[in-house]
Amino acid sequence: MRLGNKTAIITGGGSGIGRETAVLFAKEGAKVVVGDVNEAGGQETVAEIKAAGGDGFFGRLDVTDKAQSRQLVKDTLSRYGKIDVLINNAGITQDAFLTKMTDEQWGKVINVNLSGVFFCTQAVAEVMMAQGSGVIVNASSIVGLNGNIGQVNYAATKAGLIGMTKTLAKELGRKGVRVNAVAPGFIKTPMTAAVPDKILEMMKEKTPLLRLGVAKDIAYAYLYLASDEASFVNGAILSVDGGLVI
Ligand code: NAP
């Protein structure tokens, strides 16, 4: 069991990569707190965790609401007594070319993908620093490293997370808390479900491994970084993209 006796909070755990991660972590022995705005999805994830013999609960969490992130931390501590892992996985897209992008599209994506990570991390880091141990993993993206047409808001947030990850690795490392990020390539989840088949095929052709990613590919990367096997990995941005951008 790679996460035996650990407690993990996973934001955006009600869908896609977050759900896959929550179930995998539970199978690896973690007590899993599924935070999400999507209550139905979050409850389904918890049902999957329990069906697999794991332990966990759902907490309604809008990451843009500082009070909700603090409440989830409180609920986790009163149930499990500590927090070992935070996976800042919740994220959204609202795509448009620069000239067509509305202030609302810009603001919403910045709020969820960047401010949301700030609020959750601040709430959890206080606990981890007091414990003298913990791991935080952020969901960046290939788009944060390389940019992408139609995603100026999303790319700004995912690049911003790289700066946050490296800064927090320096700030919190000396308190026993590691901070890393995963930069997924193109992964088949509800987030990418609306992408036309033609584009999917093109992405596949461009990827040296000749396939798209699946949620499990990212869940295993989160698992490695969350586990003690990565105890000397801090401030790293792990690309998991099949080699798409080399
Ligand atoms: P997904 O299937 O859309 O899941 C994201 C989850 O986050 C959903 O349950 C969503 O709820 C929830 N969420 C949205 N806004 C939230 C908020 N304010 N507070 C809390 N939860 C919120 O997406 P995914 O593909 O698994 O992506 C997971 C992460 O990986 C994201 O950060 C994404 O940017 C990143 N990523 C994904 C890919 C990819 O190709 N899929 C590539 C690179 C990076 P609703 O369903 O109600 O919106």
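The values are calculated or read from the model by the stated rules, or taken from the named source; none is laboratory data. These numbers were taken from a predicted model, which means no experiment stands behind them. Quick reminder, even Gly has a Cβ in these numbers, built from the backbone with ideal geometry, and neighbours come from all protein chains shown.
Of all the residues in segment 213-222, those that are surrounded by 17 or more Cβ atoms within 10 Å (Cβ to Cβ) and in contact with a helix residue (DSSP H, G or I) (Cβ under 6 Å, 6 or more places away or on another chain) number 4. Filtered by the rule that a residue be within 8 Å of the ligand (Cβ to nearest atom), buried (at least 24 other Cβ atoms within 10 Å of the Cβ) and over 13 Å from the mean Cα position of the chain (by Cα), segment 15-45 gives a lone residue, Gly42. Residue count for segment 24-39, restricted to those that are within 24 Å of Ser78 (Cβ to Cβ) and assigned to a helix (DSSP H, G or I): 3.
Pairs meeting the criteria (first residue in segment 171-197 and more than 30 Å from Glu126 (Cβ to Cβ) and modelled with pLDDT of 95 or more, second residue of a type in the set (Asp, Glu) and in a helix (DSSP H, G or I), beta carbons under 7 Å, at least 6 apart or on different chains) are Ile187/Asp217.
Restricting the first member to segment 1-30 and to residues that are in contact (Cβ under 8 Å) with a residue 12 or more places away in the chain, and the second to residues that are more than 15 Å from the ligand (Cβ to nearest atom) and of a type in the set (Phe, Trp, Tyr), the beta-carbon pairs closer than 6 Å and six or more apart or on different chains are Thr7/Tyr80.
Residues in segment 156-184 that are β-branched (Val, Ile, Thr) and under 30 Å from Phe97 (Cβ atoms): 4 in all. Scanning segment 186-201 for residues that are within 11 Å of the ligand (Cβ to nearest atom) and of a type in the set (D, E, K, R) gives a single hit, Lys188. For segment 144-184, filtered to residues that are β-branched (Val, Ile, Thr) and over 15 Å from the mean Cα position of the chain (by Cα), the residue that is farthest from the ligand (Cβ to nearest atom) is Val177. With respect to the stated conditions, Leu210 is more than 21 Å from Ile110 (Cα to Cα), at pLDDT 95 or above and away from the ligand (no atom under 15 Å from the Cβ).
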